[in-house]
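Asker: Provided herewith is a single structure, encoded as structure tokens, for subsequent inquiry.
The numbers here are math on the coordinates, done by the rules we state, and not lab data. Since the structure is predicted, the reported quantities are computational estimates derived from the model, not experimental observations. Note that we place each Cβ from the backbone using ideal geometry, even for glycine, and neighbour counts take in every protein chain shown.
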């Protein structure tokens, strides 16, 4: 818990000092939401500590909490963690915060910090209160599915590229929560895999949007970007973004597909209706991703944009290098390689994930 | 017992009184003696701390009027340390006229603190309360050039004397009902009695005086003006020393003196007694303090309202009762006192450099003195309850004790109110830090952005206090275990 809370305040300063769009509002909103979640978690931990008399996670997992306690303590604890994971409807800090944060901040935020919430939800909330989890899992699944579809639909209407990516993060985290709600080996393992995979993909998306595009063109507005024909000006960035979009959409061969399919198979066993609705969500995800891709990189050069040798001039005022720097290329390549590797050979990670999930006792106590 | 033995037992208080008189005399000798007076005062406090360490472990005089126990010795040392830091604070800023008198009054207030802490008898408690109170009223009104200081002093005095009058009346009622004034004796006599209406009135009236001292709502209305208008060292002392001693005394009174009537504040099983009264005070303080602090634009006023809220949190520990509750409350209030002195130290710097202490005056502090900005960050975040700072562990102890106090987590409602309050408080503490780190200062002239280089001693003190908070956060047991041991 100590380290969970430690994360909150540096995020505030990162965003408020180094951020961009609406940074102060975004920073404060993010911090307050995270701290609110933290307070819920604190309440849950206190109750667990006081009842069981120990703070050790193993001992707590073995302690038999009364099911009455579990039925109210579990939602409190889980919702507290899930706020950080972007559960609907407490997700609104995520797009604002991501858009306001500097690039590195967004990459960390979406890539890692959101996973803290779901990881803690799995390791603490679900492990300690299995009966509570069983009672509430259909609500978890409901909220997760709503999150997937709602966030994807909203992303379709966004004008700022970073907002699109922020909402896509919420949607992907919805997948994670759905996998956790399924409550069986496949679902939970898929959720953990998706945590990893989305971390990589989100980092990649933000890297392109923030560093490669924003630093050079000083705008993230999709309509403005559409006029710039960036695929000619920044070919490497376009290539990266295509790969990232494909991974985000869940195209086979990338890690997103491996994770999502595992989650969906696991969920099919427990909540088949959720799988149908998520299918619709996946279509929406593809829609908004392709829209963002087309508008940001493959639009036709509009009038009023300076042309030079047939390519739009990027950064008219700034001193950024015209071509993507080697450092950016290396970073992007590392991320792309990772998502490809896990996508083509998910056993790489699943071999480690599945035994660990198996070891979690709570799966034995609930028969799914 | 012989007079010499008696003198040995009261040696700390005696030393501080002698130092106060000495400082008074030195202050009269020549004009620019502020530094000498401060040095003498500080030296006197250090000697007194040494005297406390040489006291025997246990002693009791005159039916509890003066009690020497590990708890009282520990808190006498803490109060003197807080006075020591306050004296260092007086040396910053512009040189004050009448420095000798000011320091003498600070030292006399410290004597009041020590008498409060060391007593388990109602009359002596009242004397200590009055000595402390009168000294603080004068300290609050000390700045004759500032009308707000006079306002602060007057409001504090009017409120304070009324509350002390209530307390005295309540004490007399309790004496009437029980026939003694020693706390342990009262509890023994009252153990067999039922709660008669007059006794209930007496208990509540006694509590009123202490609720005023700790700035619990709805007895907190003096706090914003006193914290904002009084000279900074006075405000720092009010915020720290007087709070710590008041909580020690309040705890002793309710947990020892009124022990038979503690009642219960559990949600579904409320029983009449002082416990529900304190629980209501706590909840009200937390809510009022946090909500009103949201609207503040002056840092000192904000600290005052946050003081109200923190009094609420500490009261939760007292409501929980027992050894654990008392020690959690004392740990929290000690941590809080250290934090507030440090925060006021930073405010003193900002005030002397920019002439005010609104948010706009704090803007740009990060670039002028990163060290001070960092220290302020530590203080604000500790108050908000962010780990791994001491404030978080204080809250953790308080809340876990409160939940453990009742078999069915009956105090959960109080803990939830407190958690809600903590959530709100993060906002206004972050606003202060935002002003320091993020906002651009209004005047962008180069000379206003000069780094703060002088007043090395104060800077060292502030950073020492920040380090203490950090240290206590990483190893809270150092203090918490000591307090718990002192209580057993």
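Asker: For segment A:25-37, indicate whether the set of residues that are part of a helix (DSSP H, G or I), within 12 Å of chain B (Cβ to nearest Cβ), surrounded by fewer than 16 Cβ atoms within 10 Å (Cβ to Cβ) and under 28 Å from the mean Cα position of the chain (by Cα) is non-empty.
Answerer: yes
Asker: When you go through (1) closer than 23 Å to residue B:486 by Cβ; (2) crowded, with 24+ Cβ neighbours inside 10 Å; (3) under 17 Å from the mean Cα position of the chain (by Cα) one by one for residue B:303, which number turns out not to apply?
Answerer: Of everything listed in (1) closer than 23 Å to residue B:486 by Cβ; (2) crowded, with 24+ Cβ neighbours inside 10 Å; (3) under 17 Å from the mean Cα position of the chain (by Cα), residue B:303 misses just condition (1).
Asker: Next question. Looking for whichever is under 26 Å from residue B:185 (Cα atoms) and either outside any helix (DSSP H, G or I) or in contact with a helix residue (DSSP H, G or I) (Cβ under 6 Å, 6 or more places away or on another chain) (or both) here; the options are B:103, B:108, B:113, B:89. Which one fits?
Answerer: B:113 is the lone residue from the list that is under 26 Å from residue B:185 (Cα atoms) and either outside any helix (DSSP H, G or I) or in contact with a helix residue (DSSP H, G or I) (Cβ under 6 Å, 6 or more places away or on another chain) (or both).
Asker: While we're looking at this one, here's another question. Could you tell me how many of the residues in segment B:189-231 are in contact with a strand residue (DSSP E or B) (Cβ under 9 Å, 6 or more places away or on another chain) and more than 21 Å from residue B:298 (Cα to Cα)?
Answerer: Residues that pass the stated criteria total 0.
Asker: Related question: Would you check if residue B:326 is buried (at least 24 other Cβ atoms within 10 Å of the Cβ) and in contact (Cβ under 8 Å) with a residue 40 or more places away in the chain?
Answerer: Yes.
Asker: I've got another one for you. Please work out which residue is nearest to the chain's Cα centre (by Cα), limiting yourself to segment B:425-440 and to residues that are at the interface with chain A (Cβ under 9 Å from one of its Cβ atoms) and part of a helix (DSSP H, G or I).
Answerer: The residue in question is B:426.
Asker: Sticking with this structure for a sec: Filter segment B:397-416 down to the residues that are under 23 Å from the mean Cα position of the chain (by Cα) and buried (at least 21 other Cβ atoms within 10 Å of the Cβ), then identify the one that is nearest to the other protein chains (Cβ to nearest Cβ). Spell out the reasoning first.
Answerer: Of segment B:397-416, the ones under 23 Å from the mean Cα position of the chain (by Cα) are B:397-402, B:414-415.
Right, trim to buried (at least 21 other Cβ atoms within 10 Å of the Cβ) and you get B:397-399, B:401-402, B:414-415.
On the way: B:397: 11, B:398: 10, B:399: 5, B:401: 9, B:402: 9, B:414: 12, B:415: 7 Å.
Across segment B:397-416, the extreme among qualifying residues is B:399.
Asker: Here is a follow-up. When segment B:286-300 is examined, which residues are found to be buried (at least 22 other Cβ atoms within 10 Å of the Cβ) and under 15 Å from residue B:419 (Cβ atoms)?
Answerer: B:286, B:289, B:290
Asker: Does residue B:17 satisfy being surrounded by fewer than 16 Cβ atoms within 10 Å (Cβ to Cβ), part of a helix (DSSP H, G or I) and touching a residue at least 40 places away in the same chain (Cβ under 8 Å)? Write out each step before concluding.
Answerer: Details: surrounded by fewer than 16 Cβ atoms within 10 Å (Cβ to Cβ): no; part of a helix (DSSP H, G or I): yes; touching a residue at least 40 places away in the same chain (Cβ under 8 Å): yes.
Against the criterion (surrounded by fewer than 16 Cβ atoms within 10 Å (Cβ to Cβ), part of a helix (DSSP H, G or I) and touching a residue at least 40 places away in the same chain (Cβ under 8 Å)), residue B:17 does not qualify.
Asker: Still on this model: Within segment A:80-121, how many residues are surrounded by fewer than 24 Cβ atoms within 10 Å (Cβ to Cβ), within 17 Å of residue A:42 (Cβ to Cβ) and over 15 Å from the mean Cα position of the chain (by Cα)?
Answerer: Total satisfying the criteria: 0.
Asker: Can you tell me which residue in segment B:363-375 is surrounded by the fewest Cβ atoms within 10 Å (Cβ to Cβ), limited to those that are under 11 Å from residue B:346 (Cα atoms) and within 13 Å of another protein chain (Cβ to nearest Cβ)?
Answerer: Among residues in segment B:363-375 that are under 11 Å from residue B:346 (Cα atoms) and within 13 Å of another protein chain (Cβ to nearest Cβ), the one surrounded by the fewest Cβ atoms within 10 Å (Cβ to Cβ) is B:374.
Asker: What helices (runs of 4 or more DSSP H) completely inside segment A:39-132 contain at least 1 residues that are within 13 Å of another protein chain (Cβ to nearest Cβ) and either within 17 Å of residue A:29 (Cα to Cα) or touching a strand residue (DSSP E or B) at 6+ places or on another chain (Cβ under 7 Å) (or both)?
Answerer: Fully inside segment A:39-132 and qualifying: A:67-85, A:93-100.
Asker: A further question follows. Looking at segment A:7-16, can you tell me whether even one residue there is in a helix (DSSP H, G or I), out of contact with any helix residue (DSSP H, G or I) (no Cβ under 8 Å at 6 or more places or on another chain) and either surrounded by fewer than 24 Cβ atoms within 10 Å (Cβ to Cβ) or facing chain B (nearest Cβ under 10 Å) (or both)?
Answerer: We begin by selecting, within segment A:7-16, every residue in a helix (DSSP H, G or I); these are A:8-16.
Next cut, out of contact with any helix residue (DSSP H, G or I) (no Cβ under 8 Å at 6 or more places or on another chain) only: A:10.
Among the residues that remain, those that are also either surrounded by fewer than 24 Cβ atoms within 10 Å (Cβ to Cβ) or facing chain B (nearest Cβ under 10 Å) (or both) are: A:10.
Among the residues of segment A:7-16, at least one is in a helix (DSSP H, G or I), out of contact with any helix residue (DSSP H, G or I) (no Cβ under 8 Å at 6 or more places or on another chain) and either surrounded by fewer than 24 Cβ atoms within 10 Å (Cβ to Cβ) or facing chain B (nearest Cβ under 10 Å) (or both), which makes the answer yes.
Asker: Looking at B:312, B:385, B:325 in this structure, which one is under 26 Å from residue B:117 (Cα atoms) and either within 14 Å of another protein chain (Cβ to nearest Cβ) or in contact with a strand residue (DSSP E or B) (Cβ under 9 Å, 6 or more places away or on another chain) (or both)?
Answerer: None of the others qualify; the one that does is B:325.
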